[in-house]
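*Asks:* Pasting a structure here, questions to come.
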Amino acid sequence: MEYIDLRKVGREGLKEIRRQVVRLKELGKTGKEIEELTGVRQNRASEIWTAYQREGSASLERKKYGRKPGTHMALTPKEQENVRKAIVEKVPEEFGITGRLWTLGRTREYIQKEFHKTISERTLSDYMKRWGMSCQRPVKRARRQNPQGI
């Protein structure tokens, strides 16, 4: 007998197979009969049926796995707000960091000094996107600009 690998079946296909197993079980079919009709092993069919009895039709849907967005953050919400405010309102020199513009490296250095946490530039870039900011280089024209002439 050829068995179905449920890991390789799409979302809708998995839902349909689960629905079929439940329908056959409700009709009073045995595990062996369900296995022959659907290609789903008896123990897996039993798991599908048990989940259906416990959760109802919600058990037919494929569950989302992994971490939920926003959990397992390196910085607490209060620390994030402090970093964001520092970037917007101040320059790195006010914190003893060389340079007048905030870069990912300087922001990492600020976080290391203030909160004693080491964050990768990639993670910091994700934080900046979450805050609605982006890392940009100043335009060459702006760097050559004469501040007294303005």
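The values are calculated or read from the model by the stated rules, or taken from the named source; none is laboratory data. Computed from a predicted structure; not experimentally measured. All Cβ positions, even for glycine, are placed from backbone atoms using ideal geometry, and neighbour counts span all protein chains on display. The area values use the complete protein model at the heavy-atom level, side chains included, leaving out ligands, DNA and RNA. Shrake-Rupley method; radii C 1.70, N 1.55, O 1.52, S 1.80 Å.
*Asks:* May I ask you to list pairs of residues, at least six apart or on different chains, whose Cβ atoms are under 6 Å apart, with the first in the stretch 50-70 being without any contact (Cβ under 8 Å) to a residue 12 or more places away in the chain and closer than 10 Å to Lys15 by Cα and the second being part of a loop (DSSP other than H, G, I, E, B) and charged (D, E, K, R)?
*Replies:* Going by the 6 Å Cβ cut-off, there are no qualifying pairs.
*Asks:* Could you tell me how many of the residues in the stretch 20-39 are in contact with a helix residue (DSSP H, G or I) (Cβ under 6 Å, 6 or more places away or on another chain) and in contact (Cβ under 8 Å) with a residue 24 or more places away in the chain?
*Replies:* 5
*Asks:* If I go through the stretch 44-66 residue by residue, how many of them are in contact with a helix residue (DSSP H, G or I) (Cβ under 9 Å, 6 or more places away or on another chain) and open to solvent by 100 Å² or more (accessible area, probe 1.4 Å)?
*Replies:* Matching residues across the stretch 44-66 total 1.
*Asks:* Kindly indicate whether any position in the stretch 94-104 is at pLDDT 90 or above, open to solvent by 70 Å² or more (accessible area, probe 1.4 Å) and among the hydroxyl-bearing types (Ser, Thr, Tyr).
*Replies:* yes
*Asks:* Can I ask one more? State yes or no: is Arg11 open to solvent by 30 Å² or more (accessible area, probe 1.4 Å), out of contact with any helix residue (DSSP H, G or I) (no Cβ under 8 Å at 6 or more places or on another chain), within 30 Å of Asp126 (Cβ to Cβ) and modelled with pLDDT under 95?
*Replies:* Yes, satisfied.
*Asks:* Among the listed residues Glu81, Glu89, Glu26, identify the single one that is of a type in the set (D, E, K, R) and surrounded by 11 or more Cβ atoms within 10 Å (Cβ to Cβ).
*Replies:* On inspection, the qualifying residue turns out to be Glu81.
*Asks:* Could you pull out every one of the helices (runs of 4 or more DSSP H) wholly within the stretch 1-97 that has 2 or more residues that are more than 31 Å from the chain's Cα centre (by Cα)? If you could, list the steps in order and put the result at the bottom.
*Replies:* Details: elements: 11-26, 31-38, 42-55, 77-89.
Those helices (runs of 4 or more DSSP H) span 11-26, 31-38, 42-55.
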